[in-house]
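Notes to accompany the following structure.
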Amino acid sequence: MVYNFKLADIGEGIVEGEVSRWYVKVGDVVKENQPLVEIITEKVTVELPSPADGTITKIGPDVGKIVKVGEVIVVIDDGKEDKGIEESSEDVIEVEKKDIIIEKNKSNKIIATPAVKRLAKEMGVDINRVVGTEEEGRITEKDVKLYSKLEVQSNEERIAFRGTRRTIAERLSKSSDRVVQAWIMEEIDMTNVTKLKNELKETSTEEIKLTYMPFFVKAVIRSLKSSPRINASLDEEKEDIVIKKDYNIGIATDTEQGLLVPVIKKAQDKDIITIAKEIEELSREAKKGELELADTQGGTFTITNIGAIGGISSIPIVNYPEVAILAINKIMKKVVLWEGEIVARDRVYLSLSFDHRVLDGADVARFLNSIRKYIEEPESLMKDEQT
């Protein structure tokens, strides 16, 4: 029986993925659930396992190529007779046609005439790096000359605009096209929360990387409870503002693949230490490319900590279809008038971007003031955990 293994619809509007790595080649004998290929989707990197025991007879797109949902990516023959095999023959033939070029390219065999190879050698061009424009990837004199011209005139490196980076661009473009973005900034004092954070690190019996982020997550949740329209999305098709009852907080995470947003689910049910553990674990998995798709789904509000890298001020872009995003900027020592005295305090700017179709400036100002209150009086967050 021949299995035409297709890229399945894994939800969340994902319609394609990029082939990142093949674990098998034509002729390999595989077992059911053995990893076949690694695919980068717009949210996570996933390994696709074999649906059955058998022999790989065809392999689809090469590394770096895009595969659409529903497209055959591997053909497996389990060696058993199947009366319905003819029904899938068209798919097999289609894959065969696609793989003619792929297999020749993967063989590293250069398709070019001796004259073209000689020209490349005379011009000092590595013909292995030249992309052929003729049928089956055949390299012509024009291809060699064009490559030589580009190499001489441009001292540059080109990185394929694919995978996570392209997905980020598409999502930001969608946010820019649909969301009427506005923003507001507030300066708050961080001295008390810094003190509390250090005390918790000293007294905690658990080994955990405790940052400011868990405190902001708790402050955001408390503030969202009094500003429910901010914990929402806009259903444009049905023309509804959808208020979310759970507080699923996305944490923007910088990785080599680009900015990923793992989500702390039902964060309202978790204390600061639990949130800190989950942030640490999700961040580690994001940086290793090991996030599951479910880890990035269902977010209701996003927080990004640009200050960890060094920005003193920023304007974040709303993580569509959410309606607001909070940026924590760089914490700095500043001389301020505090309780009648001129003193040095830890201070930070908070930036909040929002969808002006759903929210007004007054809504967001009240929300930011609430966050400021909880961060400047962080013991209230601890009391909240005990009630």
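Among the residues of the range 233-244, are any out of contact with any Pro (no Cβ under 7 Å at 6 or more places or on another chain), assigned by TED's automatic domain parsing to the domain that holds S283, surrounded by 12 or more Cβ atoms within 10 Å (Cβ to Cβ) and among the basic types (K, R)?
Within the range 233-244 (the criterion being out of contact with any Pro (no Cβ under 7 Å at 6 or more places or on another chain), assigned by TED's automatic domain parsing to the domain that holds S283, surrounded by 12 or more Cβ atoms within 10 Å (Cβ to Cβ) and among the basic types (K, R)), the answer is yes, since at least one residue qualifies.
Restricted to the range 256-274, and to residues that are surrounded by fewer than 15 Cβ atoms within 10 Å (Cβ to Cβ) and under 22 Å from the mean Cα position of the chain (by Cα), which residue is farthest from E376 (Cα to Cα)?
E256
Could you list all residues from the range 312-339 that are in contact (Cβ under 8 Å) with a residue 12 or more places away in the chain, among the charged types (D, E, K, R) and out of contact with any helix residue (DSSP H, G or I) (no Cβ under 8 Å at 6 or more places or on another chain)?
Selection gives E322, K333, K334.
Could you identify the single residue in K195, K149 that is loosely packed, with under 14 Cβ neighbours inside 10 Å and modelled with pLDDT of 80 or more?
Working: K149 fails: modelled with pLDDT of 80 or more.
Result: K195 is the single residue among K195, K149 that is loosely packed, with under 14 Cβ neighbours inside 10 Å and modelled with pLDDT of 80 or more.
Would you mind finding the one in I309, I342, I371 that is touching a residue at least 60 places away in the same chain (Cβ under 8 Å) and of a type in the set (A, V, I, L, M)?
Criteria check complete, one pass: I371.
Does V74 satisfy the condition of being modelled with pLDDT of 85 or more, aliphatic (A, V, I, L, M) and part of a loop (DSSP other than H, G, I, E, B)? Walk me through how you get there before you give the answer.
Values: modelled with pLDDT of 85 or more: yes; aliphatic (A, V, I, L, M): yes; part of a loop (DSSP other than H, G, I, E, B): no.
In short, no.
Tell me which residues, restricted to the range 210-232, are hydrophobic (A, V, I, L, M, F, W, C) and either surrounded by fewer than 23 Cβ atoms within 10 Å (Cβ to Cβ) or under 16 Å from D271 (Cα atoms) (or both).
Scanning the range 210-232 gives L210, M213, F215, F216, V217, A219, V220, I221.
Which count do you get for residues in the range 227-239 that are modelled with pLDDT of 95 or more and over 25 Å from the mean Cα position of the chain (by Cα)?
3
What is the one condition in (1) surrounded by fewer than 18 Cβ atoms within 10 Å (Cβ to Cβ); (2) at pLDDT 95 or above that R165 does not satisfy?
(2)
Over 15 Å from E187 (Cα atoms) and touching a residue at least 60 places away in the same chain (Cβ under 8 Å), is that true of Y349?
In short, no.
From the list I273, I279, pick out the single residue that is more than 30 Å from D360 (Cα to Cα), touching a helix residue (DSSP H, G or I) at 6+ places or on another chain (Cβ under 7 Å) and part of a helix (DSSP H, G or I).
Being more than 30 Å from D360 (Cα to Cα), touching a helix residue (DSSP H, G or I) at 6+ places or on another chain (Cβ under 7 Å) and part of a helix (DSSP H, G or I) holds for just one of I273, I279, which is I279.
Go through the range 19-66 residue by residue and tally those that are modelled with pLDDT under 85, among the acidic types (D, E) and not in a loop (DSSP other than H, G, I, E, B).
Residues meeting the conditions: 1.
Go through the range 340-378 residue by residue and tally those that are part of a strand (DSSP E or B) and small (G, A, S).
3
Confirm whether A327 is modelled with pLDDT of 95 or more and either under 20 Å from T255 (Cβ atoms) or buried (at least 20 other Cβ atoms within 10 Å of the Cβ) (or both). First the steps, then the outcome.
Numbers: modelled with pLDDT of 95 or more: yes; either under 20 Å from T255 (Cβ atoms) or buried (at least 20 other Cβ atoms within 10 Å of the Cβ) (or both): yes.
Spelling it out, A327 is indeed modelled with pLDDT of 95 or more and either under 20 Å from T255 (Cβ atoms) or buried (at least 20 other Cβ atoms within 10 Å of the Cβ) (or both).
Identify all residues within the range 302-324 that are closer than 18 Å to E236 by Cα and of a type outside the set (D, E); write none if there are none.
Correct list: V318, N319, Y320, P321, V323, A324.
Which residue out of Y349, Y374 is in contact with an Asp or Glu (Cβ under 6 Å, 6 or more places away or on another chain) and surrounded by 15 or more Cβ atoms within 10 Å (Cβ to Cβ)?
Step by step, each of Y349, Y374 is checked, and only Y349 is in contact with an Asp or Glu (Cβ under 6 Å, 6 or more places away or on another chain) and surrounded by 15 or more Cβ atoms within 10 Å (Cβ to Cβ).
Could you check how many residues of the range 25-54 are in contact with a Gly (Cβ under 7 Å, 6 or more places away or on another chain) and more than 30 Å from V261 (Cα to Cα)?
2
Residue by residue, here is whether (1) more than 21 Å from the chain's Cα centre (by Cα); (2) surrounded by 20 or more Cβ atoms within 10 Å (Cβ to Cβ); (3) over 19 Å from Q181 (Cα atoms); (4) among the aromatic types (F, W, Y) holds:
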position	(1), (2), (3), (4)
G298	no, no, yes, no
T302	no, yes, no, no
G307	no, yes, yes, no
V323	no, yes, no, no
G340	yes, no, yes, no
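Tally up the residues in the range 196-228 that are more than 18 Å from N329 (Cα to Cα) and in a helix (DSSP H, G or I), please.
Total satisfying the criteria: 14.
The values are calculated or read from the model by the stated rules, or taken from the named source; none is laboratory data. No experiment lies behind these values; they were computed from the predicted model shown. Using ideal geometry, Cβ is built from the backbone for each residue, glycine included, and neighbour counts are taken over all protein chains shown.
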